[in-house]
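Asker: Once you've had a glance at the structure underneath, I'll fire off some questions.
The values are calculated or read from the model by the stated rules, or taken from the named source; none is laboratory data. Given the structure is predicted, the values throughout are model-derived calculations rather than measurements. Here the Cβ is made from the backbone with ideal geometry for all residues, glycine too, and neighbour counts use every protein chain on show. When the accessible area is computed, the model is the full protein with side chains, heavy atoms only, and any ligands, DNA or RNA have been set aside. Shrake-Rupley method; radii C 1.70, N 1.55, O 1.52, S 1.80 Å.
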Amino acid sequence: MVNKQGQTRLAQYYEYLNLEERRALEGEIVRKCLARNEQQCSFVEHRTYKIVYRRYASLFFLVGVDNGENELAILEFIHLLVETMDRHFGNVCELDIMFHLEKAHFMLEEMVMNGCIVETSKANILAPIQLMDKAS
Amino acid sequence: MALSGMRGLSVFISDIRNCQNKEQERLRVDKELGNVRTRFKNEKGLTPYEKKKYVWKMLYIYMLGYDVDFGHMEAVSLISAPKYPEKQVGYIVTSCLLNENHDFLRLAINTVRNDIIGRNETFQCLALTMVGNIGGREFAESLAPDVQKLLISSSCRPLVRKKAALCLLRLYRKNPDVVNVDGWSDRMAQLLDERDLGVLTSSMSLLVALVSNNHDAYWSCLPKCVKILERLARNQDVPQEYTYYGIPTPWLQVKTMRALQYFPTIEDPNTRRSLFEVLQRILMGTDVVKNVNKNNASHAVLFEALALVMHLDAEKEMMSQCVALLGKFIAVREPNIRYLGLENMTRMLMVSDVQDIIKRHQAQIITSLKDPDISIRRRALDLLYGMCDISNAKDIVEELLQYLSSADFAMREELSLKAAILAEKFAPDLSWYVDVILQLIDKAGDFVSDDIWFRVVQFVTNNEDLQPYAAAKAREYLDKPAIHETMVKVSAYLLGEYSHLLARRPGCSPKEIFGIIHEKLPTVSTSTVPILLSTYAKILMHTQPSDPELQNQIWAIFSKYESCIDVEIQQRAVEYFALSRKGAALMDILAEMPKFPERQSSLLKKAEDAEVDTAEQSAIKLRAQQQTSNALVVTDQRPANGTPYVGQLGLVMVPSSANADHNLENQGPAQENGTLSQVDPQSPSPSADLLGDLLGPLAIEGPPGAAAPTEHVIPASEGDPNPADALALAPVDEQTNSVQPIGNIAERFHALCLKDSGVLYEDPYIQIGIKAEWRAHHGRLVLFLGNKNTSSLASVQALILPPSHLKMELSLVPETIPPRAQVQCPLEVMNLRPSRDVAVLDFSYKFGTSSVNVKLRLPAVLNKFLHPISVTAEEFFPQWRSLSGPPLKLQEVVRGVRPMLLLEMANLFNSLRLMVCPGLDPNANNLVASTTFYSESTRAMLCLMRIETDPADRTQLRMTVSSGDPTLTFELKEFIKEQLVSIPTATRPPAPEVAQPTSAVTSLTDPGAMLAGLL
């Protein structure tokens, strides 16, 4: 997740890259995606990967996939994540994600594991977080 | 904003947010890192809460792109914290910061294992997730069995099992040797009966990984996948929480269809029918709606369904429906759909028979080449490249050329390479090819690699008809005021070689040609000067009678460069100067370049390499690799004369004949310089350098390596070690080895007996591909004759020698095949009666001075007229009983069988279109199969067979075959026997002893033979 100034708000990798590689990669793909307009499609080819991205107000959600993925399914998975965050935070915005980085991570972890989709039911995704909120 | 109860963290994040620039941010981060480091040093005083807070700060800093080289231990140690909040942070941050090879991770293995086998569900989930994200070999070794147990445990709740599935997936992918998945097919099949959609989603990813590795073992999962799709498509038993904008979990639908694409085909007609019903519903029932999310989700499913339909080689009607849908998509306004439409249409090209329908959309695709979105432009370019063939090459390539001037820089190189390749592959005539390449150089010189212009030189050199044309074109370009340096190179080269052919045209006298080329000399770099010097030398040589003025001019240039600092230039200047004083001898030495040996285009090679680089391992691609494409595949062949492949064009060559030697006796300085030293006076063999013998007089006598005319006969049975092969043809004369086939002919034939498309024959000059369709007793084969060369194949002849039971009609085969062209020759086949005899294609052609004749068996064999049919016990037994004894039912004990497992045998039977019916025979060592045979005399006839194997001795078995026609029964039995003892072209054991060729089914003593005994 990157805002429109190009600042990273959340990053999760399912293949290890060292810091240098991450910095370079993020820089390149963010530059590519931010330069695009609304009339262009949500897919950008980058090296051997494909970036599926979606913009919500000031925030860009970028997902890198290999060539075998179903692009539209990923695009809607981004939306499912946003809806899930929305259900939890209520009208989610960039600040929610910034200041609740850990919760954003928890949600993502309930949804994706090792680059594969684990769960798509919002209730199931949010269950552990709600449990924890209750406990504290 | 006091959030999450971690005030310090919130404050830090606010501070970062308020930083005005990167420098301030760095200062703030450094300060925080210092703070955290000090705190960790005095660890004793840290509460778990504080540890948690600092670890999050570290993660935040790491996310911002700063190196965090400490504190990893603290993150890992939180994993062992007793309370959930700390443990959770430990697990999550560890999997973000560390990779599988990190030493600290080992320290946590025990804790992780305790969490996994412990009773606390939430701890289990955390541990499984981390292992699933970063677990390495040691985790696999110590945890795989536990994870497997959890996944199938009935006492485990779905929330644990779904994580176990993906955890196992990771461990298996990373270390397939450690994770034992033998026997997992049954468990996977059980898992797919799961009701919980979360567990199903995860399990489906696991299935994809397992199936992609070994689809054979997971056949039993196939019908289950279809059931899941049916359940979702009908929206049965799908909880509201899993419905996304009214669509039952699109992600699971997509994944399930993806899994199905890893199975090569679907044998069971019922499963196939159910699946096609679902697919048909998706294809027809997906409408465009206003809500963008719903629209995307339903189209995600639709695109996956399209991919699956393509994979399954559906009926032509359904395929046309798919192309029609895609045609609609590539013209819509929604850019995502347009992009995916183009992408999927490119994949569709791999499906047979739809290319023509795709071509109807060519205009729309060309429009997409000018789309404002580069992603879409790239897809359009790829599609155009893929769909180009001889029929539309002119349009497409000209479109690409036009687009080149306005294309963005990022695409120009790819564009010019692709245009060059297409022009070469599909040129309707060679002068067009020359036009294209020259235009390419003119418009995008910077992006035209040397390979491209080397190739055009080769073509021109090898085709005499083309030479005046190319020279005239080159001359035209030189008139342009500013031309690219590559254009200077190629024009100078062509004019040096062939400008004398233009001599009578206006503006083409040697003097004028020299003048216009020499004008460019001051503008070119040192790499071009040597080419110009060669051109001057050639012009001089061709000027007869000699023109003293021109001669003096050129000599002056040579002497000027004699002291050039560049060695190549200096050497040429010295040598050409010396040579040109030899008078008439110059003629011999600077004769025209000989023809190039045929070899693979380095461009095509480059394109192939590039494809390998970005090879996508999608199911479709894998499938494409399994099938041999019909397109011309140019292999890295060695030319017949043994000239090694060299990717460079050399311009100065070593003389290679005694003749040259004689002329050069006095070339003291040159010899010292080393270039003109002589190799082997007797050997006319072309050197490794490719423009070959620029100075070699022998070249005049003929192209290098063109051997004396010989008749090369390639025996059809070559490579088949077994002369007794019942299918092999023996009538072959003596063989010469000058034109060697590529690959084993017999193996290719056997492979084609089991599949319907592939390569039948290939040698350095031609590739014969075959593609067949079979319907009842009719068959339609198409022969694809592909000329791999840059010059024509002549005297092409194809004769069909049909056996008496086949009626065959071959359409006209053209006598010549143009350079790099592919011609298609349909061959109609009709099966009159059962027989194992094989049709033969007698094929011959001439290339240069060599003629080639091959006799090839055609894969119009008995099993092609079979149609698998599955029968139930109720259908099988009455039929089996009614066909009692010979000649309708024959039994035989076959010995010397190639040992194979029952499963392999079942696969072999299925691939022969004999459908194995599991469960009919109570003895697990037996195999029952059924099929329908079609011929004109028998019409459709049901055939039943049974194989009884002996697990203790796999080299023998008893086979019983029955049908309503005695000849059919006998032929089928013999056919199966041949397959069992010999496939696939492995060295065959001694001919099978036939105990009782036609023994009756009466004496049954084998206790295992329950089925036959019953009847």
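Asker: Would you pick out the residues in the range B:160-190 that are in a helix (DSSP H, G or I), over 18 Å from B:Ser142 (Cα atoms) and among the small types (Gly, Ala, Ser)?
Answerer: Passing the criteria: B:Ser185, B:Ala189.
Asker: Could you tell me which of the residues B:Lys755, B:Lys807 is touching a Leu at 6+ places or on another chain (Cβ under 8 Å) and of a type in the set (Lys, Arg)?
Answerer: B:Lys807
Asker: A follow-up question, please. Kindly indicate the residue of the range B:245-256 that is in contact (Cβ under 8 Å) with a residue 24 or more places away in the chain and more than 7 Å from chain A (Cβ to nearest Cβ) and also nearest to B:Asn291 (Cα to Cα) among those meeting that condition.
Answerer: Filtering the range B:245-256 for residues that are in contact (Cβ under 8 Å) with a residue 24 or more places away in the chain and more than 7 Å from chain A (Cβ to nearest Cβ), the one nearest to B:Asn291 (Cα to Cα) comes out as B:Tyr245.
Asker: Something else now. Kindly provide the set of residues from the range A:104-127 that are open to solvent by 30 Å² or more (accessible area, probe 1.4 Å) and either in contact with a Phe, Trp or Tyr (Cβ under 9 Å, 6 or more places away or on another chain) or not charged (D, E, K, R) (or both), ordered by number.
Answerer: If the condition is that a residue be open to solvent by 30 Å² or more (accessible area, probe 1.4 Å) and either in contact with a Phe, Trp or Tyr (Cβ under 9 Å, 6 or more places away or on another chain) or not charged (D, E, K, R) (or both), then A:Gly115, A:Ile117, A:Ala123, A:Asn124, A:Ala127 are the ones that fit.
Asker: Residues that are charged (D, E, K, R) and more than 10 Å from every other protein chain (Cβ to nearest Cβ): does the range A:55-72 have at least one?
Answerer: Looking for residues that are charged (D, E, K, R) and more than 10 Å from every other protein chain (Cβ to nearest Cβ), one finds at least one in the range A:55-72, hence yes.
Asker: Please specify each residue of the range B:161-180 satisfying the condition of being surrounded by fewer than 17 Cβ atoms within 10 Å (Cβ to Cβ) and away from chain A (no Cβ under 11 Å).
Answerer: B:Pro176, B:Asp177, B:Val178, B:Asn180
Listed here are the residues, each with its yes/no results for (1) without any contact (Cβ under 8 Å) to a residue 40 or more places away in the chain; (2) assigned to a helix (DSSP H, G or I); (3) open to solvent by less than 50 Å² (accessible area, probe 1.4 Å); (4) of a type in the set (A, V, I, L, M, F, W, C).
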site: B:Pro481; (1), (2), (3), (4): yes, no, no, no
site: B:Met487; (1), (2), (3), (4): no, yes, yes, yes
site: B:Val490; (1), (2), (3), (4): no, yes, yes, yes
site: B:Leu495; (1), (2), (3), (4): no, yes, yes, yes
site: B:Leu501; (1), (2), (3), (4): yes, yes, no, yes
site: B:Arg504; (1), (2), (3), (4): yes, no, no, no
site: B:Cys508; (1), (2), (3), (4): yes, no, yes, yes
site: B:Thr535; (1), (2), (3), (4): no, yes, yes, no
site: B:Leu540; (1), (2), (3), (4): no, yes, yes, yes
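Asker: Could you list all residues from the range B:11-37 that are open to solvent by less than 60 Å² (accessible area, probe 1.4 Å) and either in contact with a strand residue (DSSP E or B) (Cβ under 9 Å, 6 or more places away or on another chain) or not in a helix (DSSP H, G or I) (or both)?
Answerer: If the condition is that a residue be open to solvent by less than 60 Å² (accessible area, probe 1.4 Å) and either in contact with a strand residue (DSSP E or B) (Cβ under 9 Å, 6 or more places away or on another chain) or not in a helix (DSSP H, G or I) (or both), then B:Cys19 is the only one that fits.
Asker: Would you please name the residue that is least open to solvent (accessible area, probe 1.4 Å), looking only at residues in the range B:820-860 that are over 31 Å from the mean Cα position of the chain (by Cα) and of a type in the set (Lys, Arg)?
Answerer: Selected residue: B:Arg836.
Asker: Also, quick follow-up: State all residues of the range B:218-235 that are more than 13 Å from chain A (Cβ to nearest Cβ) and open to solvent by less than 40 Å² (accessible area, probe 1.4 Å); if no residue qualifies, say none.
Answerer: Within the range B:218-235, B:Tyr218, B:Cys221, B:Leu222, B:Cys225, B:Val226, B:Ile228, B:Leu229, B:Glu230, B:Arg231, B:Ala233 meet the criteria.
Asker: So, one more: Of the conditions (1) hydrophobic (A, V, I, L, M, F, W, C); (2) more than 14 Å from chain A (Cβ to nearest Cβ); (3) in a loop (DSSP other than H, G, I, E, B), B:Ala420 satisfies every one except a single condition; which number is it?
Answerer: The number of the failed condition is (3).
Asker: B:Phe40 passes all but one of (1) within 12 Å of another protein chain (Cβ to nearest Cβ); (2) in a helix (DSSP H, G or I); which number fails?
Answerer: Going through (1) within 12 Å of another protein chain (Cβ to nearest Cβ); (2) in a helix (DSSP H, G or I) one by one, B:Phe40 breaks only (1).
Asker: Would you confirm whether or not the range B:438-451 contains a residue that is closer than 30 Å to B:Ala503 by Cβ, assigned to a loop (DSSP other than H, G, I, E, B) and of a type outside the set (Asp, Glu)?
Answerer: Yes, some residue in the range B:438-451 is closer than 30 Å to B:Ala503 by Cβ, assigned to a loop (DSSP other than H, G, I, E, B) and of a type outside the set (Asp, Glu).
Asker: Between B:Ile768, B:Ile817, which is in contact (Cβ under 8 Å) with a residue 12 or more places away in the chain, under 25 Å from the mean Cα position of the chain (by Cα), within 30 Å of B:Tyr433 (Cα to Cα) and open to solvent by less than 10 Å² (accessible area, probe 1.4 Å)?
Answerer: B:Ile768
Asker: Within the range B:101-121, which residues are open to solvent by 40 Å² or more (accessible area, probe 1.4 Å) and under 26 Å from B:Ser153 (Cβ atoms)?
Answerer: Result: B:Asn110, B:Arg113, B:Asn114, B:Ile117, B:Arg119, B:Asn120, B:Glu121.
Asker: Still on this structure: Any idea how many residues of the range B:44-69 are surrounded by 12 or more Cβ atoms within 10 Å (Cβ to Cβ) and in a helix (DSSP H, G or I)?
Answerer: 16
Asker: Right, another one. Could you check the range A:120-136 and list, in sequence order, the residues that are closer than 20 Å to B:Lys87 by Cβ and within 7 Å of another protein chain (Cβ to nearest Cβ)?
Answerer: Just the residues of the range A:120-136 that are closer than 20 Å to B:Lys87 by Cβ, to begin with: A:125-136.
A:Pro128, A:Met132, A:Ser136 - these are the residues of the range A:120-136 that are closer than 20 Å to B:Lys87 by Cβ and within 7 Å of another protein chain (Cβ to nearest Cβ).
Asker: Separate question: Can you tell me which residues in the range B:78-111 are out of contact with any Ser or Thr (no Cβ under 9 Å at 6 or more places or on another chain), in a loop (DSSP other than H, G, I, E, B) and more than 12 Å from chain A (Cβ to nearest Cβ)?
Answerer: B:Ala81, B:Pro82
Asker: Considering each residue of the range B:208-240, count those that are part of a helix (DSSP H, G or I) and of a type in the set (S, T, N, Q), and give that number.
Answerer: 3
Conditions tested, residue by residue: (1) part of a loop (DSSP other than H, G, I, E, B); (2) open to solvent by 50 Å² or more (accessible area, probe 1.4 Å); (3) touching a strand residue (DSSP E or B) at 6+ places or on another chain (Cβ under 8 Å).
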residue	(1), (2), (3)
B:Gly779	no, no, yes
B:Leu783	no, no, yes
B:Gly786	no, no, yes
B:Val796	no, no, yes
B:Leu799	no, yes, yes
B:Ser804	yes, yes, no
B:Lys807	no, yes, yes
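Asker: Any idea how many residues of the range A:35-51 are open to solvent by 50 Å² or more (accessible area, probe 1.4 Å) and either hydrophobic (A, V, I, L, M, F, W, C) or within 7 Å of chain B (Cβ to nearest Cβ) (or both)?
Answerer: Summing the residues that are open to solvent by 50 Å² or more (accessible area, probe 1.4 Å) and either hydrophobic (A, V, I, L, M, F, W, C) or within 7 Å of chain B (Cβ to nearest Cβ) (or both) in the range A:35-51 gives 3.
Asker: Sticking with this one: From the list B:Val278, B:Val238, which residue is in contact with a strand residue (DSSP E or B) (Cβ under 9 Å, 6 or more places away or on another chain) and open to solvent by less than 50 Å² (accessible area, probe 1.4 Å)?
Answerer: Working: B:Val278 fails: in contact with a strand residue (DSSP E or B) (Cβ under 9 Å, 6 or more places away or on another chain).
The conditions single out B:Val238.
Asker: State yes or no: is A:Leu10 outside any helix (DSSP H, G or I), open to solvent by less than 20 Å² (accessible area, probe 1.4 Å), within 27 Å of B:Pro250 (Cα to Cα) and within 11 Å of chain B (Cβ to nearest Cβ)?
Answerer: Yes: the conditions hold for A:Leu10.
Asker: Could you list all residues from the range B:284-329 that are away from chain A (no Cβ under 12 Å) and not in a helix (DSSP H, G or I)?
Answerer: Those that are away from chain A (no Cβ under 12 Å) and not in a helix (DSSP H, G or I): B:Asp287, B:Val288, B:Val289, B:Lys290, B:Asp313, B:Ala314, B:Glu315.
Asker: Could you please let me know if B:Leu260 is in contact with a His (Cβ under 8 Å, 6 or more places away or on another chain), within 14 Å of chain A (Cβ to nearest Cβ), buried (at least 19 other Cβ atoms within 10 Å of the Cβ) and among the aliphatic types (A, V, I, L, M)?
Answerer: Yes, satisfied.
Asker: Still on this structure: Which is out of contact with any Pro (no Cβ under 9 Å at 6 or more places or on another chain) and open to solvent by less than 30 Å² (accessible area, probe 1.4 Å), of B:Met915, B:Met905?
Answerer: Just one listed residue meets the conditions, B:Met905.
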